[in-house]
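Throughout, read-outs are computed from the coordinates displayed, never taken from laboratory work. A quick note: this is a predicted structure, and the numbers were derived from the prediction, not measured. Heads up, the Cβs are rebuilt from the backbone with ideal geometry, glycines too, and the neighbour counts pull from every protein chain shown.
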Amino acid sequence: MRLIANANDDTALLRVINFPTRGIGARSLEQLQEVARANDSSIWQAAINKVGNGKLGAKGIEGFVALIRQMVDNAYGISLPELVELATTMSGLMAHYENDKEGEDRIENLKELVTAAVSFTNQDFGNHNNVDGETEQDLLTQFLSHASLEAGEHQADVGKDALQLMTVHASKGLEFKAVFISGLEEGLCPHEQSFSESGGLEEERRLMYVAVTRARQRLYLSHAQSRMLHGKVRYGIPSRFLEEIPDELLKHLNSKPVAKPSYGRDYNELPQVMGSQQSNNQKNAMPWKIGQQVAHSKFGNGVVVSYEGNANDMRVQVNFGREGLKWLALEFAKLTPI
């Protein structure tokens, strides 16, 4: 996988060349643009011609060229999700927002880009297996185009019927005939940060009350058995707030019992919600034998030592020797037998 989708995109380059700050002043950029116009070339090509080989760690345009070249070198032979993670880390974006008091949401967005890349790679956007470099580059270009579209071009026009998706905070003061509350899992609602904050759980409980009382006629509550979060499969447990709703007020859409959560109050069954029942025909046999040798594109050769789950939720534990024990989501691991 190559890092640069379009080296001639001057607009994109100007957005990133000095963000985070790399010591490139406005005058330096003006001169670089003048050189590019004089030579009828892209700004990137002008930068390469200006600094030659460049030195990693150097400031200004020389340092930027060296950084991009190192990122390109590191990008060969890795998957699209790994490429996204590499770009957000090596570019300095992740560190920049980690040092920003208001950067928490931006960090979450960067991490979710990895999740989007995993989902995109596994959807039917063409044959992504055993592709050559040119096809891999097409995959990167398609992903960038897809991400741009998902950023808001599918918004419904004013006056048209549409599903309204909003945060609980934004819903205050509003009411709807039907309300769907999703993501009712420990760590999401209540949010994991509330566990360590004074009064955090009570504030999360108040938000849950706000969400529930937005519904006039019908209220649907749901949680996922597993979800893709920051590029990794996360196995959650139902929110404690579900247990606090009187059972006689609920209509269970299935009756499958769940394990007792670690926050623990005695009960036989939590209120069950949409989407958590798994039919028998979804249960797949483990495709790998314990002790079987397998290969992974990033971790190398290893031995299967354990597994858990069913169907798309199945995880396999592999001992990769020097890389250690790794739990991998079977759907995305792309292991091959040795």
Checklist entry - Between SER226 and ASN109, 0.36 nm times their residue separation minus their Cα-Cα distance comes to what? => result 40.2 nm
Checklist outcome for this item: If R0 = 25 Å, then TYR235 and VAL305, at their Cβ-Cβ distance, give a FRET efficiency to the nearest 0.05 of 0.85
Next on the checklist: What are the equivalent ellipsoid semi-axes of region 10-150, built from the alpha-carbon gyration tensor (square roots of five times its eigenvalues), in whole angstrom, biggest first?
Outcome noted: 28, 20, 14
Item to check | Amide H contacts under 5 Å for PHE180, placed H, 5+ residues apart | outcome: TYR220
Checklist entry - Each residue of region 17-32 in order: what ³J(HN,Hα) in whole Hz does its phi give by Karplus 6.51 cos²θ - 1.76 cosθ + 1.60, θ = phi - 60°, with x for Gly and Pro? => result 4, 10, 9, x, 3, 10, x, 9, x, 4, 5, 4, 5, 4, 5, 5
Next on the checklist: For a Förster distance of 35 Å, can you work out the FRET efficiency between the beta-carbons of THR21 and ALA147, rounded to the nearest 0.05?
Outcome noted: 0.90
Checklist entry - Working out 0.36 nm times the residue gap between THR121 and HIS169, then minus their Cα-Cα distance, what length gain in nm do you get to one decimal? => result 14.0 nm
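Extension gain ARG218-LEU325, at 0.36 nm per residue separation less the Cα-Cα distance, in nm? Spell out each step's value before the answer.
Working: separation 107, 0.36 × 107 = 38.52 nm, distance 4.63 nm.
Taking ARG218 through LEU325 to full extension adds about 33.9 nm, to one decimal.
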